[in-house]
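Okay, structure first, notes after.
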Amino acid sequence: MTQESLIVEGMTCQHCVQTITEALEKIAGTNKVAVDLDKKEVQIDYNEEETNLQEISDKIVEVGFELGKS
């Protein structure tokens, strides 16, 4: 199991949190998604045999957000 923390720009409300959470939970291999609106941070636990950080990052961008610099 791998845990990553990503900075996500553009989150402004709980709807944004819900959008990102639901999108990432649909990716096979994700086990835990925690979105912190105040910190603009997404923490995700995933199985590297089923998905990878690039797929997770692409999904965040696909639903309308930008990755920030950590």
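The values are calculated or read from the model by the stated rules, or taken from the named source; none is laboratory data. Computed from a predicted model, the values in this text were never measured in an experiment. Methodologically, a virtual Cβ is constructed for each residue, glycine included, from the backbone with ideal geometry; neighbour enumeration extends over all protein chains shown.
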**Study point:** Selected residue (criterion: farthest from the chain's Cα centre (by Cα)) from residues of the range 1-33 that are farther than 18 Å from Lys69 by Cα, surrounded by fewer than 17 Cβ atoms within 10 Å (Cβ to Cβ) and aliphatic (A, V, I, L, M)
**Key:** Met1
**Study point:** Selection status of Lys59, among the basic types (Lys, Arg), in a helix (DSSP H, G or I), surrounded by 12 or more Cβ atoms within 10 Å (Cβ to Cβ) and free of Cβ contacts under 8 Å to residues at least 40 places away in the same chain
**Key:** yes
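Does the range 12-41 hold any residues that are β-branched (Val, Ile, Thr) and in contact with a strand residue (DSSP E or B) (Cβ under 6 Å, 6 or more places away or on another chain), and which are they?
Listed by number, the residues that qualify are Val17, Ile20, Thr21, Thr30, Val33, Val35.
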Review point. For the range 24-31, does any single residue satisfy the condition of being assigned to a loop (DSSP other than H, G, I, E, B), modelled with pLDDT of 95 or more and among the charged types (D, E, K, R)?
Key: yes
Review point. Can you tell me how many residues in the range 38-53 are more than 11 Å from the chain's Cα centre (by Cα) and loosely packed, with under 14 Cβ neighbours inside 10 Å?
Key: 6
Check your understanding: Would it be correct to say that Val35 is assigned to a strand (DSSP E or B) and either modelled with pLDDT of 95 or more or of a type in the set (Val, Ile, Thr) (or both)?
Key -> yes
Practice item. Go through the range 2-40 and give me each residue that's touching a residue at least 24 places away in the same chain (Cβ under 8 Å) and on the phi > 0 side of the Ramachandran plot. Key: Gly10, Lys40
